[in-house]
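Read-outs: derived from the displayed coordinates by stated rules, not from any lab. The model shown is predicted, which means the values in this text are computed figures rather than measured ones. Positions of Cβ are backbone-derived with ideal geometry, glycine not excepted, and every protein chain shown enters the neighbour counts.
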Amino acid sequence: MMTNTEHPYTLGENVIVRTVTMYYTGRIVRVYPGELVLTDAAWIADTGRWSAALATGKLNEIEPYPGEGRCIVSRAAIVDVSPWLHALPRDVR
């Protein structure tokens, strides 16, 4: 079984996750063989231009998860994970 350190992710890093159907922002807190656990997470309904979103941190539509913003993403659905070099979005837009 894989340990929580045998993966390419950095625990505590802010990221934007692109899956086959959705986008999420959040802070990586745990990694399991089949799941990536985020806190301060938000579902991003519309990123606008991808390169602009990564460069500026501006997103068109944001739906934050309530409370601590905990979200579990299936690693099987992940297309890519990029560092999010901006404050994590926590307001609905």
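A few points about this structure:
- Qualifying strands (runs of 3 or more DSSP E) (wholly inside the chain; at least 2 residues being touching a strand residue (DSSP E or B) at 6+ places or on another chain (Cβ under 9 Å) and touching a residue at least 60 places away in the same chain (Cβ under 8 Å)): 14-19, 23-31, 78-83
- Annotation note: of GLU68, GLU35, the sole residue that is acidic (Asp, Glu), surrounded by fewer than 18 Cβ atoms within 10 Å (Cβ to Cβ) and farther than 20 Å from HIS7 by Cα is GLU68.
- GLY26 surrounded by 13 or more Cβ atoms within 10 Å (Cβ to Cβ), of a type outside the set (Val, Ile, Thr) and under 15 Å from LEU11 (Cβ atoms): yes
- Only residues that are of a type outside the set (A, V, I, L, M) and within 14 Å of the chain's Cα centre (by Cα) were counted across segment 27-49, and they come to 8.
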